[in-house]
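Beneath this line is the structure, given in structure tokens, with notes to follow.
What follows draws every value from the coordinates through simple rules; no lab data is involved. This structure is a prediction, so every number in the text was calculated from the model and none was measured. Positions of Cβ are generated from backbone atoms using ideal geometry, with glycine treated the same way; all protein chains shown enter the neighbour counts.
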Ligand SMILES: [Zn+2]
Ligand SMILES: [Zn+2]
């Protein structure tokens, strides 16, 4: 980095008073946009974090570009805030479950989320009032003499034998 003079980009001292209302302050608006970029919900699980990570990386990168544009290239902060928000909209914080969000009800054996539209004998719908899907119950009932699973022998799998 050179030790030359700083560009006089930030200050306009031509006798104009700053606007009284903070809401129209473009620097403040840019700060808010940067916060929006960084402040996305944490992932609920390790798997969700794998989805969140590249989203976060993109958002951090665009926030950095916006800040560098203002500080080093003299970009207008208000314009940069709008531009940053447009980039953020391309990388929304979705596609993963957020921490605190309830997990969808799923089969206690195979962990497949219940799908009430899949009512076939080996479907993913919940089997009656059980915590199991129809597929797992079918698999259990069709099992051979040696078959044992958490459904027919919960005690063996550390569950409570009610
Ligand atoms: Zn299942
Ligand atoms: Zn079984």
Exercise. Between residue 98 and residue 130, what length in nm is gained on full extension when 0.36 nm per residue of separation is reduced by their alpha carbon distance?
Worked result: 8.8 nm
Exercise. Which shape class, rounded, prolate or oblate, goes with the stretch 100-162 when its Cα gyration tensor gives a ≥ b ≥ c as root eigenvalues, a/c under 1.5 marks rounded, and past that a/b bigger than b/c marks prolate?
Worked result: oblate
Problem set entry | Global geometry of the stretch 24-90, whether rounded, prolate or oblate, following the gyration tensor of its Cα atoms and the 1.5 cut on a/c | prolate
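Can you work out the FRET efficiency for the pair residue 61 and residue 110, with r the C-beta to C-beta distance and R0 = 30 Å, to the nearest 0.05? Show your work: numbers first, answer last.
Details: r = 38 Å, r/R0 = 1.28.
That pair, residue 61 with residue 110, gives E of 0.20.
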Problem set entry | Peptide ranges 82-94, 144-156 listed from the most packed, as the mean C-beta count within 10 angstrom indicates | 82-94, 144-156
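Could you tell me whether the stretch 37-147 comes out rounded, prolate or oblate from its Cα gyration tensor? Rule is a ≥ b ≥ c as square roots of the eigenvalues, rounded for a/c under 1.5, then prolate if a/b exceeds b/c, otherwise oblate. Spell out each step's value before the answer.
On the way: a/c = 5.00, a/b = 3.99, b/c = 1.25.
Since a/c reaches 1.5 and a/b is larger than b/c, the shape of the stretch 37-147 is classed as prolate.
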Problem set entry | the stretch 90-162: relative contact order as a whole-number percent, Cα under 8 Å and 6+ apart | 18 percent
